[in-house]
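In what follows, a structure is listed as structure tokens, so that the remarks can point back to it.
The values are calculated or read from the model by the stated rules, or taken from the named source; none is laboratory data. Quick caveat, the model's predicted, so the values are computed rather than measured. Glycine also receives a Cβ, built like all others from the backbone with ideal geometry; neighbour counts cover every protein chain displayed. What goes into the accessible areas is simple: the full protein's heavy atoms, side chains included, and nothing from ligands, DNA or RNA. Shrake-Rupley method; radii C 1.70, N 1.55, O 1.52, S 1.80 Å.
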Amino acid sequence: MDLLQLITLLLLVSAGISYINQRFIKLPGTIGVVAISVVVSVIIVIIGKTNNDLAAKIKEASDSMDFSRILLDVMLGFLLFASALHFDYQKLRKQRWTVFVLSTLGVLLSTLLFGLLLYYFTGLFNINIPLMYCFIFGALISPTDPIAVGSILKHSKISEKLSTVIAGESLFNDAVGLLVFVLLLELVQQPDTAISFNTVASLLLHEVLGGILIGLATGYVGYKLIKSIKDFQTILLISIALVLEISLLAGYFHASVPLAAVTAGLIIGNNSFHEDKVSDDFLLRIWKLIDEVLNTILFAMIGLQMVAMPFLREYWLLSLSAIVIILVARIISISLPALFLLGKINFNNLFILSWAGLRGGISIAMALSLPDSPYKEGILSGCYFIVLFSIIIQGLSLNRLIGVLKSRED
């Protein structure tokens, strides 16, 4: 399947699923798209069992759709830039220490706890997954997904303070998760090679500092260019070129695309271009539309991944246990830093922070990028079910949880 056919197929499927949801199902956009995509996947799998020709065509289309590369190399920069563009930096500054602790120490604790709990559970049921692979699973599933979180928070009744913390954490914790994921993967692939301080420092320098510097430079240049003109078409072209440039530079220098895109988005979104703010309003509106369209395509792809994973039915026990374990790890990884730093825990906020920590396409993309091994299918299956659970179940019940906790508090 060539590129034009692939793009056409993606747009047709996404548009059809979005239309069905808006016209008939009427679930919140992201949740509805994922839910309908899963149902479509199940139907396709059932039909494929009775029609070998159809199954072969579906398999060909699925193989042509490299989900990991499409998301990490193409869509991620656009989605994170759009999210950061609408993020209020002043609100982020007020919660900066909470966001910093959750996006660093919280991810490390969650990775450790998830890996240990999963290893213990799999041992009880004679499921063979080495401890290091359990930690790798923890590293790729612990960071909350900024795309999934942002799409759900738009329709939630969560307080402004908690919304800022959750959204801010999800914007920055991907870099930590990716760094831990890369380090653990290197340990597995080269077991005789010790990870030295210099190796970790080099990765930090390239990923974190490199990403921030690229974001600062491109964001500043982009802001100056847009500020010097008022033509809407040129403003849009500059902003799109900026995001593509970020992806290219970050890839070339092995820097963090998420950090670069978020940094550039914060610079451009929190500085006014002209006194009349017409250009500001146009840029925010057009990128909100781009964000929503790409979100629809992304979550349709997440739901349709079931077609590309015929092995899912073999890992039900592992997948269901992984859902429970990540929820436990999330609660503990939030509680311990809060108890240590504040000396107390607000249980209402704890439950909301835990339940609103959604996982999404970035975790699936990392799982798909794992090298072939006897454990890849199990990790990928568990990751896929966690993502579906977080988007559909947690996303649908978040407002109800907030309402219940508020009523008890009152």
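Key figures
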item	result
The lone exception for residue 165 - which of (1) outside any helix (DSSP H, G or I); (2) over 20 Å from residue 76 (Cα atoms); (3) under 19 Å from the mean Cα position of the chain (by Cα) it fails	(1)
Conditions (1) at pLDDT 90 or above; (2) open to solvent by less than 60 Å² (accessible area, probe 1.4 Å); (3) of a type outside the set (A, V, I, L, M, F, W, C): number failed by residue 86	(2)
Scope the range 130-157; condition open to solvent by 20 Å² or more (accessible area, probe 1.4 Å), touching a residue at least 60 places away in the same chain (Cβ under 8 Å) and closer than 18 Å to residue 86 by Cβ; matching residues	150, 153, 155, 156
Hey, residue 387 surrounded by 15 or more Cβ atoms within 10 Å (Cβ to Cβ), among the aliphatic types (A, V, I, L, M) and on the phi < 0 side of the Ramachandran plot or not	yes
Unmet criterion (only one of (1) under 14 Å from residue 395 (Cβ atoms); (2) touching a residue at least 24 places away in the same chain (Cβ under 8 Å)) for residue 32	(2)
Residue selected from the range 390-405 under the condition more than 18 Å from residue 324 (Cα to Cα) and free of Cβ contacts under 8 Å to residues at least 40 places away in the same chain, by the criterion surrounded by the most Cβ atoms within 10 Å (Cβ to Cβ)	404
Residue 318 vs. criteria crowded, with 21+ Cβ neighbours inside 10 Å and over 23 Å from residue 149 (Cα atoms)	yes
The range 320-331 residues that are over 15 Å from residue 351 (Cα atoms) and in contact (Cβ under 8 Å) with a residue 60 or more places away in the chain, paired with ones that are of a type in the set (S, T, N, Q) and not in a helix (DSSP H, G or I) (beta carbon under 9 Å, 6 or more apart)	none
Condition broken by residue 144, with the remaining ones in (1) within 16 Å of the chain's Cα centre (by Cα); (2) assigned to a helix (DSSP H, G or I) satisfied	(2)
Failed condition for residue 255, given (1) crowded, with 23+ Cβ neighbours inside 10 Å; (2) in a helix (DSSP H, G or I)	(2)
Looking only at the range 371-410, and only at residues there that are of a type in the set (Ser, Thr, Tyr) and assigned to a helix (DSSP H, G or I), the one that is farthest from residue 186 (Cα to Cα)	407
Residue tally, condition open to solvent by less than 40 Å² (accessible area, probe 1.4 Å) and modelled with pLDDT under 95, over the range 227-252	2
Residue count, the range 323-370 (criterion: closer than 23 Å to residue 161 by Cβ and outside any loop (DSSP other than H, G, I, E, B))	23
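Rundown of residues vs (1) at pLDDT below 90; (2) closer than 20 Å to residue 290 by Cβ; (3) β-branched (Val, Ile, Thr), yes/no style:
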| site | (1), (2), (3) |
| --- | --- |
| 7 | yes, yes, yes |
| 17 | no, yes, yes |
| 38 | no, no, yes |
| 43 | yes, no, yes |
| 61 | yes, no, no |
| 66 | yes, no, no |
| 78 | no, yes, no |
| 105 | no, no, no |
